[in-house]
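S.K.: Okay, handing you the structure first.
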Protein chains: 2
Amino acid sequence: MKINSNIRYGLRAIIEIANSPKPVLQREIAERQEISLNYLDSIIAGLKNSGLIVNSGGKGSGYILAKKAKDITVYQVYCAFSPDLQLVNCFCDTNECQRSNNCPSKDYWFELNSKIKELMSSKTIKELMNNDILINQ
Amino acid sequence: MKINSNIRYGLRAIIEIANSPKPVLQREIAERQEISLNYLDSIIAGLKNSGLIVNSGGKGSGYILAKKAKDITVYQVYCAFSPDLQLVNCFCDTNECQRSNNCPSKDYWFELNSKIKELMSSKTIKELMNNDILINQ
DNA sequence: TTTACATCCAACTAATTCAGTTGGATAACT
DNA sequence: AGTTATCCAACTGAATTAGTTGGATGTAAA
Ligand code: FES
Ligand code: FES
């Protein structure tokens, strides 16, 4: 179990945007977070297509959060880059396990899956922002 | 985030062993769990090298749990096949992140990591066994 | 004692995923 | 016109996954 680069960078990028008093350019995120500008392209696209960030006023204007930091969860960032969390395929709609009737391990993985989703859904970007910024809000 | 085959099969195999009133042969596990006998080799090896199961009396005698089912956790099974859970490398001893001072996302991943470990450590094989067997213990 | 079985173990493989890079299209501002 | 910013698709090398193959070794039944 690992968190992949898209999700790691995506979380860092959105925290960077949340922390900034002004709209942030992609280049600025790339510099501050030391992520290749080109690679960041797809990260930003993921956040944007999921409706978590927007261009503040068209091209060149920089990015801002699309909603309040307290209304964006880590799980939403996760889902911007991966399908809904499914630790195993046993309980996956499209690929359900043939052994699935009354399987104790399936039940356990499902339970763990739900709890991990909860853990990610209950943490908001606001809780990950730096305090100086919060004071000004 | 996915649970890999070793861990999935390993959990199913150890539940199979736990549920059996008699020592179980590798071949029996392979048949009942529909896992290739050859592939199961490495699964059994993992469980055995981690001290979770033992041969009940040398070759051909079948496997039994090395300790009580209530003393074997899902996290121990996990660790039989993977190093200690590390969702990201930022807080990894050997590969610590250069950006690591005061990084909110690192702190969050570490917190999530701890909670997932807890979730896996607090579930025992006994809880995953079938009830008929438990009654006889 | 030969044979069959059970376990042990290392090396190989195809397929997939990961973590980016390259190269360019498009649009806006200067 | 030229620079900058964003958008987007295709490509790539490296690593990981999920096994298979082939055999060595030890035990037990015939
Ligand atoms: S349901 Fe998939 S292994 Fe049990
Ligand atoms: S510590 Fe690794 S990215 Fe923050």
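S.K.: So if I check each of B:E28, B:E16, B:E96, which one is open to solvent by 40 Å² or more (accessible area, probe 1.4 Å), within 25 Å of B:E127 (Cβ to Cβ), without any contact (Cβ under 8 Å) to a residue 60 or more places away in the chain and not polar (S, T, N, Q)?
M.R.: Details: B:E16 fails: open to solvent by 40 Å² or more (accessible area, probe 1.4 Å); B:E96 fails: within 25 Å of B:E127 (Cβ to Cβ).
That would be B:E28, the only listed residue that is open to solvent by 40 Å² or more (accessible area, probe 1.4 Å), within 25 Å of B:E127 (Cβ to Cβ), without any contact (Cβ under 8 Å) to a residue 60 or more places away in the chain and not polar (S, T, N, Q).
S.K.: Which of (1) at pLDDT 95 or above; (2) within 16 Å of ligand 2 (Cβ to nearest atom) does B:I64 not meet, given it meets every other one?
M.R.: (2)
S.K.: Is there a residue in the stretch B:69-76 that is more than 12 Å from chain A (Cβ to nearest Cβ), under 27 Å from B:G10 (Cα atoms), of a type outside the set (V, I, T) and surrounded by fewer than 18 Cβ atoms within 10 Å (Cβ to Cβ)?
M.R.: Yes, the stretch B:69-76 contains a residue that is more than 12 Å from chain A (Cβ to nearest Cβ), under 27 Å from B:G10 (Cα atoms), of a type outside the set (V, I, T) and surrounded by fewer than 18 Cβ atoms within 10 Å (Cβ to Cβ).
S.K.: Select the helices (runs of 4 or more DSSP H) contained entirely in the stretch B:1-69, then report the ones holding at least 1 residues which are more than 27 Å from A:N113 (Cα to Cα). Walk me through how you get there before you give the answer.
M.R.: Numbers: elements: B:5-19, B:26-33, B:37-49.
Because the criterion is at least 1 residues that are more than 27 Å from A:N113 (Cα to Cα), the helices (runs of 4 or more DSSP H) in the stretch B:1-69 that meet it are B:26-33, B:37-49.
S.K.: Taking interchain pairs and intrachain pairs at least six residues apart, which have beta carbon atoms under 9 angstrom, with the first residue in the stretch A:59-75 and within 16 Å of DNA strand C (Cβ to nearest atom) and the second assigned to a helix (DSSP H, G or I) and of a type in the set (D, E, K, R)?
M.R.: Pairs that qualify, where the first residue is within 16 Å of DNA strand C (Cβ to nearest atom) and the partner is assigned to a helix (DSSP H, G or I) and of a type in the set (D, E, K, R), are A:G62/A:E28; A:Y63/A:K48.
S.K.: Within the stretch A:99-126, which residues are in a helix (DSSP H, G or I) and touching a residue at least 24 places away in the same chain (Cβ under 8 Å)?
M.R.: Within the stretch A:99-126, A:L112, A:N113, A:I116, A:K117, A:M120, A:S121, A:I125, A:K126 meet the criteria.
S.K.: Restricting attention to the stretch A:85-129, and to residues there that are more than 10 Å from chain B (Cβ to nearest Cβ) and modelled with pLDDT under 95, which single residue is farthest from A:K67 (Cα to Cα)?
M.R.: A:N101
The values are calculated or read from the model by the stated rules, or taken from the named source; none is laboratory data. Since we're looking at a predicted model, the values are computed, not measured. Virtual Cβ from ideal backbone geometry, glycine too; neighbours counted across all protein chains shown. Please note that ligands, DNA and RNA were not included when accessible areas were found on the heavy atoms of the full protein model with its side chains. Shrake-Rupley method; radii C 1.70, N 1.55, O 1.52, S 1.80 Å.
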